[in-house]
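The numbers here are math on the coordinates, done by the rules we state, and not lab data. Just so you know, these numbers come straight off a predicted model, no measurement behind them. Cβ placement follows ideal geometry from the backbone for every residue including glycine, while neighbour counts extend to all protein chains displayed.
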Amino acid sequence: MTHTLHRRGTAESLSKDYALMMLRAMGVNDSGYLPKCQEFLRIALRHNPVNIGSEMKGNIFEFPPEEIIAEAKGDSFVVFDNPKVVAAFLKDLKEADLGLSVVVSGIFENVDECFEKAGLKHHTANFSLGIWGKTEKLPSDDILEITTMCGHAMVSTNLVKAMVEEIKAGRKTPEEATKVLAPNCT
C-alpha cells in the first residue's frame, strides 16, 4: 500500500505530481535509519523538490528544509513536478545506496520512464482501482484533487472549500491558501 496511490486529477495535472517516500521496515532495517533519512532529504534538496517532509516533523510549508532534515524522524517524503528531475534524483539515490525502500507515485508509464533513465526497475506496482460505493456522497472532483494529495485524509474537505472561497473573494492568494492546507499533512 502506498499513501499516495489514490491521488485524483487529470492526466495533465498528475503528470506533474511525483511523490516519493522513503520507508523503513520496523525490526528489519530501522537500525541507523535517521542518518539515512536525512541523507535522502539532502539528496532531494539538490534537485529542487516542490516539497519535502518528515512524518513527525512536517513539511516546507511549516519549516525550513534544513530544520526538517535536522529533526527528521519517521518516514520521509519528497515531491517533484518534473519527470527528468525525478530520474536524476533516483539515479543519485541509487548511487547513495541507503538500503531502504522508496515508493514512487505517479502515472505508471511516466514513473517507469524515470526508473529506466535512472537504471532501475520497479519492484512492485500498485494501481488504484478507483472508488466504489456511494460515490455521490463524495466531494466534487476538484475538491478531491486537493484532499487526495494527503493519503491519510488529513486535509478537510470543508477547509479546502473555505480556502477556495477565500481565494475567490480575494482575501487569500492560492499560495496563502496552500500554507493553510499543507500543514495538515506531513
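Annotations for the structure displayed:
- Neighbour-count ranking [beta-carbon atoms within 10 angstrom, fewest first] of Ser140, Ser156: Ser140, Ser156
- Segment 135-184: Cα Rg divided by the 2.2 N^0.38 Å rule of thumb: 1.12
- Dipole axis of the chain (+1 Lys, Arg; -1 Asp, Glu on Cβ), positive-most option in Gly133, Ala182, Phe77: Gly133
- Qualifying lysines (Cα of each under 27 Å from Cα of Lys121; at least 8 residues distant if same chain): Lys16, Lys36, Lys84, Lys91, Lys94
- Note on Thr178, Thr10: ascending count of other Cβ atoms within 10 Å places them as Thr10, Thr178, the fewest first.
- Dipole moment magnitude, nearest 20 debye, the chain about Cα centre, only Lys, Arg, Asp, Glu C-beta charged: 160 debye
- Annotation for segment 158-186 versus segment 85-126: alpha-carbon center distance of 32 Å.
- Glu166 sits among other residues whose Cβ lies under 15 Å from its own Cβ, and their net charge, with Lys and Arg +1 and Asp and Glu -1, is +2.
- For the chain, Cys37, Cys114 stand unpaired, since no other cysteine beta carbon lies under 4.7 Å from theirs.
- Among 66-77, 165-176, the peptide with the highest mean count of other Cβ atoms within 10 Å heads the list, and the full ranking is 66-77, 165-176.
- Using a simple spin-label model with pseudo-atoms 7 Å out from Cα toward Cβ, Ala153 and Thr124 lie 2.2 nm apart.
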